[in-house]
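See structure below.
Bear in mind these aren't lab numbers, they're just calculated from the coordinates by the rules spelled out. In this text, all values refer to a predicted model and were calculated from it rather than measured experimentally. Neighbour counts run over all protein chains shown; Cβ positions are idealised from the backbone, glycine included.
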Ligand code: SF4
């Protein structure tokens, strides 16, 4: 059960980020299977690189069956712009194989009928699909109350003091799901990422220009002025 202070801080953070960045635009909606594969490609790389790899994938193969049947070395080369091709190519084929095996087709739109928890459990059984990828598919494609936590969301949440320094992404996901109403998830998730990229950098956070200063534990700790 979140404390009243944390609930208040979460609301303040949401409001300030909305004032700063507005309601985020997102790339066009993708079909759920596309979103799943694109999100697998997006691990540890930029949106530009994963987007380029996804475009190459779609240009090289007319169907998901063709992706599944592709020689692994060839698929690895096609998705090269996303990096980690030797890891991501088998993950993609494994996910496709599992979807086809369980559903008889390359279609995961049945997830619309499941709860967020059920959808999360189903998606995370796929090879290489963790709670972040699963939550992105559930939130972006099906508007389910699942809060994706990537490295930026994790870092900003920890510095603000809403999460502890040792809290892992799964714990921070549960935390935001308890702190924020579901209709904030989309904007809050994307605005936290943007804030992490543009201001609250991993190495040198630009605290001097940050609108969250007054609500940030890291700022209070690092910039506090002690008694003379
Ligand atoms: S004040 Fe600094 S550490 Fe805190 S959220 Fe802003 S940039 Fe990050």
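Relative contact order, whole percent, for the chain stands at 22, derived from Cα pairs under 8 Å and 6 or more residues apart. Using the Cβ-Cβ distance between residue 94 and residue 168 with R0 set to 22 Å, the FRET efficiency from 1/(1 + (r/R0)^6) comes to roughly 0.35.
Calculate I(q)/I(0) for the chain by the Debye formula, one identical point scatterer on each C-alpha and no solvent, and give its log10 at q = 0.07, 0.09 Å⁻¹ to two decimals. Listed by q, the Debye log ratios stand at -0.26, -0.41.
Projection of the Cα convex hull of segment 63-116, averaged over all directions and equal to a quarter of that hull's surface, yields 4.5 nm².
With each label modelled as a point 7 angstrom along the Cα→C-beta vector, the residue 60-residue 121 pair spans 3.6 nm.
Cut-off is 10 Å between beta-carbons; in what order do 33, 18, 1 appear when sorted fewest neighbours first?
Going from sparsest to densest Cβ surroundings: 1, 18, 33.
For segment 117-228, place one equal point scatterer on every Cα, skip the solvent, and apply the Debye formula. What is log10 of I(q)/I(0) at q = 0.22 Å⁻¹? Debye curve over Cα of segment 117-228, log10 I(q)/I(0) at q = 0.22 Å⁻¹: -1.21. The Rg/Rh ratio for segment 32-142 is 0.94, where Rg is the radius of gyration of the alpha carbons and Rh is the Kirkwood radius. Measure out, as a whole number of angstrom, how far apart the alpha-carbon centroids of segment 109-128 and segment 34-48 sit. Measuring centre to centre over Cα atoms gives 18 Å.
Express the relative contact order of segment 32-142 as a whole percentage, based on alpha carbon pairs under 8 Å and six or more residues apart in sequence.
31 percent
In this label model, residue 109 and residue 182 are separated by 2.1 nm, measuring between points 7 Å along each Cα→Cβ vector.
Extension gain for residue 19-residue 143 works out to 42.3 nm (0.36 nm per residue, less the C-alpha to C-alpha distance).
If you rank 140, 186 by fewest surrounding Cβ atoms within 10 Å, what's the result?
Placing the least packed residue first, the sequence is 186, 140.
May I ask for the distance between the Cα centers of segment 204-221 and segment 61-97, given as a whole number of Å? Comparing the Cα centres of segment 204-221 and segment 61-97, I get a distance of 42 Å. Just the Cα atoms of segment 134-182, one point each, no solvent: what log10 I(q)/I(0) does Debye give at q = 0.27, 0.31 Å⁻¹? Debye output, listed in q order: -1.00, -1.17. Each principal axis of the Cα cloud of segment 29-78 was taken in turn, and the coordinate range along them, longest first, works out to 25, 22, 15 Å.
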